[in-house]
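Undergrad: One structure is given below, represented as structure tokens, and several questions about it will come after.
Where a number appears in this text, it was derived from the coordinates with a stated rule and is not lab data. All values derive from a computational prediction rather than experimental measurement. Quick reminder, even Gly has a Cβ in these numbers, built from the backbone with ideal geometry, and neighbours come from all protein chains shown.
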Amino acid sequence: MDAWQYILVYYISISIPSVIITVYDKIAAIKKAVRIPEKTLMAFAALGGAAAMYVTMKAIRHKTLHKKFMIGLPVFIILHTLIIGLSYYFLITK
């Protein structure tokens, strides 16, 4: 498998649970049930689920008033984009 396929599989593998826990947290908030800690949500975002989590939060209107998420997730997305771009430059083009 090519290096880019591994990267794609990784991002899909972290994005799916990121979406699931975001939706679960929204449902738990509505039902006043046990919530997912914000640290856990941010950890999934930092590990690569930020883009999927950001789109999900906007779509279901969850935590959109929390600056931690509405600023933090785009920052993670930019960092992930830079990491992928630099990886491409140093691993593929050389």
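Undergrad: Report the label-to-label distance for Ile92 and Ala46 in nanometres (one decimal), using points 7 Å from each Cα along the Cα→Cβ vector.
TA: For Ile92 paired with Ala46, the spin-label model returns 2.8 nm.
Undergrad: Report the charge-dipole magnitude of the chain in Debye, nearest 20, computed about the Cα centre from +1 at each Lys and Arg Cβ and -1 at each Asp and Glu Cβ.
TA: Dipole of the chain, to the nearest 20 debye: 540 debye.
Undergrad: Continuing with this model, one more query. Taking Cα pairs under 8 Å and at least six residues apart, what relative contact order does the chain come out at, in percent?
TA: Values: 70 pairs, mean separation 24.9, N = 94.
Worked out over the chain, it gives 26 percent.
Undergrad: With an 8 Å Cα cut-off and a minimum separation of 6 or more residues, compute the relative contact order for region 30-80 in percent.
TA: Details: 28 pairs, mean separation 18.7, N = 51.
Over region 30-80, the number comes to 37 percent.
Undergrad: Next up: Taking only DSSP H segments of four or more residues, each worth -39500 (n - 2.57), what value at 222 nm results for the chain once the sum is divided by all its residues, to the nearest 500 deg cm²/dmol?
TA: Working: 4 runs with 68 residues, N = 94.
The helix-only estimate for the chain comes to -24500 deg cm²/dmol at 222 nm.
Undergrad: A further question follows. Looking at the P(r) of region 1-92, how many percent of alpha-carbon pairs lie beyond 24 Å?
TA: 24 percent
Undergrad: Still on this structure: At 0.36 nm per residue, minus the direct Cα-Cα distance, what do Leu8 and Lys58 gain on full extension? Give it in nm, one decimal, please. Walk me through the numbers on the way to the answer.
TA: Working: separation 50, 0.36 × 50 = 18.00 nm, distance 2.30 nm.
Fully extending the segment from Leu8 to Lys58 adds 15.7 nm.
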